[in-house]
Amino acid sequence: MTNLPWLHPDRVEKLQAALSQRILVLDGAMGTMLQAHQLDEAGYRGERFANGCDGRHHHEHRGELAHADGCARDLKGNNDLLSLSRPELIRDVHLAYLRAGADMIETNTFNSTAISQADYGLQHLVHELNREGARLARAACDEIERETPERPRFAIGVLGPTSRTASLSPDVNNPGFRNVDFDELESAYADATRGLVEGGADVLMVETIFDTLNAKAALFGIARVFDETGARMPVMISGTITDRSGRTLSGQTAEAFWYSVAHARPLSVGLNCALGAKDLREHIEALARVADCHVSAHPNAGLPNAFGGYDETPEEMARTLGEFARDGLLNIVGGCCGTTPAHIAAIAESVRGVAPRELPSHARAA
């Protein structure tokens, strides 16, 4: 990436110190927690969007979509919007995970790019979604740190994969077709990053990467923002093995994925989503062998059942991830789809007192 100075040097120093001392615990699923509220359309809109438009008549940055058109669409299911319409719900989820033992919490920004928000016609809200998502996470960290000042917490600014892929065609009859290009992705990621930086995120995480070309666009966008601000932040990278083939959607093994993104000099590399912890084991082992940075894992609570739910209990998941930790594979651990504060509490207990994975002797300086 770049050798610019750190944007938050005090927090980076605390993070690096914590990583040298113990395995850090990441939070669990935001969506799982929000789904428990069973919000309807009005629940997603809150007061601000209750009447469709929120009083402003902006246009999408390229002029194709008017603001009023976006607000007229159904917004149910747009979990990221809740950072603006129902911020108290997001705050409560963050606090629940922090009180369960999380050291690091992820911003509610998984779909807060212009590409993903286009499904709702809300591209104009991207900067605000990321800024407020980061502010909510950082405020929750501050609240818990006041209770336990000896243990710092960290707000992770999340950049999700978007709903499109640069490497593969969405049309099986036209393999050369693409519905997004690198420049569009890079611009969308840069816009989201600016909001996360303004909102006070401590770290950025490019997460749930199924297409390494998308990830490279994200890393390029991040680097552009670092150059604009004249400072950098730690960057975490987390891919996803899409099935038991052991490869990402764009066809890479975990080891190949690492070599494709190592140039960014990330704080950590890891895997999340798609698989449960047991099925993720061999792929985390591969990363732990080759990566010269920290290694993370935040798997699903098992594979989805016939109803789309997740059945792995906190105790089962903690037992498996505890084995990862005792075998020297992990520096950061948490949960993805289907996990709750109960899962995170059990995982935190399972890695308590276990030494973190040692970085190889050839690890690069930050």
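Under a point spin-label approximation (7 Å from Cα along Cα-to-Cβ), what is the residue 355-residue 13 distance to one decimal in nm?
2.7 nm
Out of region 121-227, which GluC sites (Glu not before Pro) are coil in DSSP terms and have no more than 16 other C-beta atoms within 10 Å?
Values: sites: 128, 132, 143, 145, 147, 150, 184, 186, 198, 207; in loops: 150.
Here the GluC sites (Glu not before Pro) that fit, given the DSSP loop and packing criteria, are 150.
For a quick check, take a GNM of the chain with Cα springs below 10 Å and name the residue from 93, 197, 261 with the largest mean-square fluctuation.
In this elastic network of the chain, the residue with the biggest mean-square fluctuation among 93, 197, 261 is 261.
Quick one: grab the alpha carbon gyration tensor of the chain, order the square roots of its eigenvalues as a ≥ b ≥ c, and give me rounded if a/c is under 1.5, else prolate or oblate depending on whether a/b is larger than b/c. Provide the component values of the computation, followed by the final result.
Working: a/c = 1.38, a/b = 1.27, b/c = 1.08.
It comes out rounded by the Cα gyration axes.
If you fit an axis through the alpha-carbon atoms of helix 87-100 and take the longest principal axis of the Cα set of the chain, what angle between them do you get, 0 to 90°, nearest 10?
10 degrees
Please arrange 260, 20 by how many other C-beta atoms lie within 10 Å of their C-beta, fewest to most. Don't jump to the answer; show the numbers that get you there.
On the way: 260 19, 20 12.
The fewest-first ordering by Cβ neighbours comes to 20, 260.
Check the straight Cα-Cα distances from residue 14 and name the lysines below 30 Å, setting aside those fewer than 8 residues away within the same chain.
216
Can you give me the Cα centroid spacing of region 140-165 and region 316-357 in angstrom?
18 Å
For the residues 211, 74, what sequence is obtained by ranking on other C-beta atoms within 10 Å, fewest first? Walk me through the numbers on the way to the answer.
Values: 211 24, 74 10.
With the fewest neighbours first, 211, 74 line up as 74, 211.
List, in order, the whole-Hz ³J(HN,Hα) value for each residue of region 29-43 obtained from phi through the Karplus relation with A = 6.51, B = -1.76, C = 1.60 and θ = phi - 60°; use x for Gly and Pro.
Once θ is set to phi - 60°, the couplings for region 29-43 become 6, 6, x, 4, 5, 5, 4, 5, 7, 6, 6, 9, 4, 5, x Hz.
If you filter region 148-254 for chymotrypsin sites (Phe, Trp or Tyr not before Pro), then keep DSSP loop positions with at most 11 other Cβ within 10 Å, what is left? Intermediate results must be reported in sequence, preceding the final value.
Numbers: sites: 154, 177, 182, 189, 210, 220, 226; in loops: 177, 210.
Taking region 148-254 and a limit of 11 other Cβ atoms within 10 Å, the loop chymotrypsin sites (Phe, Trp or Tyr not before Pro) found are 177.
By per-residue mean of other Cβ atoms within 10 Å, what is the highest-first order of 342-355, 103-116?
Values: 342-355: 20.1, 103-116: 27.0.
For the peptides 342-355, 103-116, the packing ranking is 103-116, 342-355.
So if R0 is 30 Å, what FRET efficiency would residue 179 and residue 263 give, r being the distance between their Cβ atoms, rounded to the nearest 0.05? Mind showing how you got there, number by number?
Values: r = 27 Å, r/R0 = 0.89.
That gives a FRET efficiency of 0.65.
Once both labels are modelled 7 Å past Cα along the beta-carbon direction, what's the residue 119-residue 74 spacing in nm?
According to this spin-label approximation, the distance is 1.2 nm.
Helix 314-326 sits at what angle to the longest principal axis of the chain, using alpha carbons and giving 0 to 90 degrees rounded to 10?
Compared with the principal axis, the helix lies near 50 degrees.
How would you classify region 273-366 from its alpha-carbon gyration tensor, with a ≥ b ≥ c the square roots of the eigenvalues: rounded for a/c under 1.5, else prolate if a/b is greater than b/c, otherwise oblate?
prolate
Taking the Cα centre of the chain as origin, sum charge times position over the Cβ atoms of Lys and Arg (+1) and Asp and Glu (-1), and report the length of that vector in debye to the nearest 20. All intermediate terms of the calculation are to be shown ahead of the outcome.
Details: 35 positive and 50 negative charges, 124 e Å.
Its charge dipole is roughly 600 debye.
Per 0.36 nm of contour for each residue apart, how much would the distance between residue 163 and residue 35 grow if the chain were fully extended, relative to their Cα-Cα spacing? Show your work: numbers first, answer last.
Working: separation 128, 0.36 × 128 = 46.08 nm, distance 2.01 nm.
Net length gain for the segment: 44.1 nm.
Most mobile of 294, 37, 124 per a Gaussian network model of the chain (Cα springs, under 10 Å)?
In the Gaussian network model the winner is 37.
Each reported figure results from applying straightforward, stated rules to the coordinates on display, with no laboratory input. Model, not experiment: these values are computed from the prediction. Because the Cβ atoms are built from the backbone with ideal geometry, glycine has one as well, and the counts that use them run over all protein chains shown.
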